[in-house]
1. Could you check segment 167-190 and list, in sequence order, the residues that are assigned to a loop (DSSP other than H, G, I, E, B) and under 16 Å from VAL238 (Cα atoms)?
2. Please find, within segment 234-257, the residue that is farthest from MET133 (Cα to Cα) out of those that are surrounded by fewer than 19 Cβ atoms within 10 Å (Cβ to Cβ) and more than 15 Å from the chain's Cα centre (by Cα).
3. Going by what's in this entry, would GLY264 be described as touching an Asp or Glu at 6+ places or on another chain (Cβ under 7 Å) and either open to solvent by less than 40 Å² (accessible area, probe 1.4 Å) or of a type in the set (Gly, Ala, Ser) (or both)?
4. (1) open to solvent by 40 Å² or more (accessible area, probe 1.4 Å); (2) free of Cβ contacts under 8 Å to residues at least 60 places away in the same chain; (3) of a type outside the set (Val, Ile, Thr): which one isn't true of LEU217, the others all being true?
5. Kindly check whether there is at least one residue in segment 62-73 that is more than 25 Å from LEU155 (Cβ to Cβ), at pLDDT below 95, in a helix (DSSP H, G or I) and open to solvent by less than 40 Å² (accessible area, probe 1.4 Å).
6. Considering only segment 119-142, I want to know if a residue exists there that is among the hydroxyl-bearing types (Ser, Thr, Tyr), within 29 Å of ALA44 (Cβ to Cβ) and either touching a helix residue (DSSP H, G or I) at 6+ places or on another chain (Cβ under 6 Å) or surrounded by fewer than 21 Cβ atoms within 10 Å (Cβ to Cβ) (or both).
7. Any residue in segment 187-196 that is of a type in the set (Val, Ile, Thr) and either free of Cβ contacts under 8 Å to residues at least 40 places away in the same chain or open to solvent by less than 70 Å² (accessible area, probe 1.4 Å) (or both)?
8. Name the residues in segment 191-210 that are outside any helix (DSSP H, G or I) and in contact with a helix residue (DSSP H, G or I) (Cβ under 8 Å, 6 or more places away or on another chain), would you?
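The values are calculated or read from the model by the stated rules, or taken from the named source; none is laboratory data. None of the values given here were measured: they were computed from a predicted structure. Positions of Cβ are backbone-derived with ideal geometry, glycine not excepted, and every protein chain shown enters the neighbour counts. Only protein heavy atoms, including side chains, enter the accessible area calculation; ligands, DNA and RNA are left aside. Shrake-Rupley method; radii C 1.70, N 1.55, O 1.52, S 1.80 Å.
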Amino acid sequence: MAPPADRPGGLTNFQKRILSAAVLLPVVIGAIVLGHPYFTILVALFAVVMAWEWTAVAAHVRTSAQASPVPAPSGRGWRMLAALAATTVVVAVLDTGFAGRVEREGCVIIALGVLATGAVAWAANRPRMPWFMAGAVYVALPATALVAIRAEPELGRAALVWIITLVVAADTGGYLVGRTFGGPKLAPRISPNKTWSGLAGAVAGAALAGLSTAFVLNHTNVWMLTLISAGLGLVEQVGDLVESAFKRHFEVKDTSRIIPGHGGVLDRVDGLLAVALAVWIANEWAGGSVLAW
């Protein structure tokens, strides 16, 4: 049965996507430009939604009577688990934002939050305890990474714009090339629509984003940034597959319907989370922004 968005007289799914983007993009761009505390608060708000979505899906029990793809949380204590995960993320993100980097305290906060989530899950839904604990980590680390990247004084803003452009280019390139050429499936059990040609398109799109960024920033090593971007395009696709595998395990189509036409926040930023975490790790390893390589 077609979703309500596709019924005659109503907005199509594509139109809903456009409207959602028109509302969200100015907010996100404004927060990126202004930086802390606005960007920190925005990430914290999105992270709360992501923590709720993950917990709701992990608590989901599907029955034959359920036709809706939206998670139907069940199990005693799932709301407490969602609150714990959300609190963990918010405190870690705020600590990173006000410190200007991921400090030892932020790592301790995440570790304690994960342990507290596990303790509650042990009593509330023991078989799925690992999933609830994994959710706190899955959201907290990339969220703090995003804030830490933006907090970098010289290249933080440029790095974040580059990352988001790269993710959008990878998504777009993967969709267009995969739709045009098709071919062998990449991971049919996880994401039936993904193809190897789509993966190549995603990597190419990310590389093009890196090449464009290098010219805009007058980067001294154009090909290095292009190659790094191509590698991150691959990371973006892996992030997409990880979230798809999570949803498929619990037989859920979307993590929520909070963004009209798009589904849940996790459905939209899965690749971004993976890329942000990878860039932050690279920054820490190199002792400076990837854009300065």
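1. Selection gives PRO188, ARG189, ILE190.
2. For segment 234-257, the residue satisfying everything is ARG257.
3. Considered against the rule, which asks whether it is touching an Asp or Glu at 6+ places or on another chain (Cβ under 7 Å) and either open to solvent by less than 40 Å² (accessible area, probe 1.4 Å) or of a type in the set (Gly, Ala, Ser) (or both), GLY264 comes out as yes.
4. Here LEU217 meets the rest and fails (2).
5. no
6. The answer is no; no qualifying residue exists.
7. yes
8. SER191, ASN193, LYS194, THR195
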